[in-house]
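Trainee: Attaching a single structure in structure tokens format; questions to follow.
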Amino acid sequence: MMSSLGGSEKMETILFCIMLFLATSVSAASLKVGFYKSSCPSAEMIVRKAVNKAVSKNPGLAVGLIRMHFHDCFVRGCDGSVLLDSTPGNPSENESPVNNPSLRGFEVIDEAKVEIEAQCP
């Protein structure tokens, strides 16, 4: 019989899974924890804070962020293409019927991006 996890334990487990997944994917792209240490020392903390805030309000969003990462990285590596907006005559991946409305969490990434741009121009 499995013991049930409390709210904070579930959050920690979800965040651990996200970080583990991102760490394994990022290592394939030759990135590492502390990659932005010299150019934007607070970048990782900003992202962590945005993810924690969003997942604490909606724990199911953690799965959505992992799924978005998977869809971005699966075909040709992690290039952020799923985050690009459409331009006239060039529809984006995030507006594709395959990905929309099934991909979730864009607002979390947008929030972190705005904060990073404000602190690290």
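Trainee: Show me, bin by bin at 5 Å from 0, the whole-percent P(r) of region 28-70 based on Cα pairs.
Mentor: Bin by bin from 0 Å, the calculated values are 5, 20, 19, 22, 19, 12, 2.
Trainee: Rounded to a whole number of µm²/s, how large is the Stokes-Einstein D of region 57-105 at 4 °C and 1.567 mPa s, given Rh as the Kirkwood radius over C-alpha pairs? Kindly include the intermediate steps, with their values, before the conclusion.
Mentor: Working: Rh = 11.4 Å.
Approximately 114 µm²/s, per Stokes-Einstein.
Trainee: A follow-up question, please. Each label point is 7 Å from the Cα along the Cα-to-Cβ direction; what then is the distance between the points at Ala118 and Phe74, in nm?
Mentor: Result for the modelled spin labels: 3.4 nm.
Since every read-out is calculated from the coordinates, none of them should be taken as a lab result. As the structure is a prediction and not an experimental result, all values here were calculated from the model. Backbone-built Cβ (ideal geometry, glycine too); neighbour counts: all protein chains shown.
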